[in-house]
Amino acid sequence: MSENSYHHLLKSTFENTLLHLYFRVKVSHSFVTEEQRNKIIIEFLKPKVKQGQYSPIKRKLKTICLMKNKFGSIENHLDGILRQYIEIASKNDVDKLYCLLELFEKVGLDTKLIEETPTQEADVVYLDRSHIDNCFDDENRQVTPISLFIHTNELEKFTACLTEQLYFKFEQYQKSEELSNYHYKLHPIR
């Protein structure tokens, strides 16, 4: 299953779960406590754990069913996940790139644009300005892969950021372990 269809299945399942909850609350005509809301959600999701069509997200569903009342409102948890999907969908590809660059900065990796051949500094993520200028169309959609270059002895910090973000698929394009130089390409998730 592609990553895109995994996220689509997860998002639609959580949306359906919340719709089910809201309909059940509406027909109850009385106050429904957080504990009762959690129970309604778990009763809706539990049968889906055994259904084959939900096997890609089975672990997520099981985790939610095991939450019960231990971590507060499951409704708020699902709503938070759905808000993240909405936030991602509302950003254009340039915004997504900036978010990734901010993530690098948060973990201590500097980011710089290459104007010409750079002197390689350790733990700096480089982007080629001429390449960036040609990676996006007039609507800020990514039309070609974006190249990231890094010289580091701590590649795990860099790859952890790439794994954590939800905006791009990535691949290692070239590497020179003896020089600690790496070239990655980012592809948009559509």
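Projecting the Cα atoms of G108, C65, N76 onto the charge dipole of region 60-136, computed from C-beta unit charges around the Cα centre, puts C65 farthest toward the positive end. Ratio of Rg to Rh for the chain, alpha carbon only, Kirkwood? Rounded to two decimals, Rg over Rh is 1.10. In loop segments of region 17-55 as defined by DSSP, the trypsin sites (Lys or Arg not before Pro) with at most 16 further C-beta atoms inside 10 Å of their C-beta are K50.
Across the options I40, F170, N153, the greatest Cα extent toward the positive end of the charge dipole of the chain (unit charges at beta carbon of Lys, Arg, Asp, Glu) belongs to I40. A simple charge model with +1 on the Cβ of Lys and Arg, -1 on the Cβ of Asp and Glu and nothing else charged puts the dipole of region 3-90 at about 420 debye relative to its Cα centre. Our summary gives the chain a relative contact order of 15 percent, counting only alpha carbon pairs under 8 angstrom and 6 or more residues apart.
Using θ = phi - 60° in the Karplus curve 6.51 cos²θ - 1.76 cosθ + 1.60, the 3J(HN,Hα) couplings for region 184-189 round to 10, 10, 9, 10, x, 8 Hz; x is entered for Gly and Pro. Taking Cα centre as origin and charging only the Cβ of basic (Lys, Arg, +1) and acidic (Asp, Glu, -1) residues, the dipole magnitude of region 93-188 rounds to 240 debye. If you plug the beta carbon distance of K157 and H29 into 1/(1 + (r/R0)^6) with R0 = 35 Å, you get a FRET efficiency near 0.05.
Relative to the longest principal axis of the Cα atoms of the chain, helix 3-28 runs at roughly 30 degrees. In the chain, the calculated helix contribution to ellipticity at 222 nm averages -17000 deg cm²/dmol per residue, counting -39,500 (n - 2.57) for every DSSP H run with n ≥ 4.
For region 93-188, the relative contact order comes to 26 percent (Cα pairs under 8 Å, sequence separation of at least 6). When region 3-90 is described by a simple charge dipole with +1 on each Lys and Arg Cβ and -1 on each Asp and Glu Cβ, the residue from Q53, L10, Y22 located farthest towards its positive end is Q53.
Pairs K11/K48; K60/K157; K46/K169; K91/K169: which are spaced more than 20 Å apart, C-alpha to C-alpha? Beyond 20 Å: K60/K157; K46/K169. With both residues required to sit in region 42-156, DSSP beta bridges show an antiparallel share near 40%. The charge dipole of the chain, taken about its Cα centre with unit charges on the Cβ atoms of Lys, Arg (+1), Asp and Glu (-1) only, comes to about 1840 debye. Angle of helix 93-106 to the longest C-alpha principal axis of the chain, folded into 0 to 90 degrees and rounded to 10: 80°.
The numbers here are math on the coordinates, done by the rules we state, and not lab data. As the structure is a computational prediction, the values presented were derived from the model and not from experiment. Quick reminder, even Gly has a Cβ in these numbers, built from the backbone with ideal geometry, and neighbours come from all protein chains shown.
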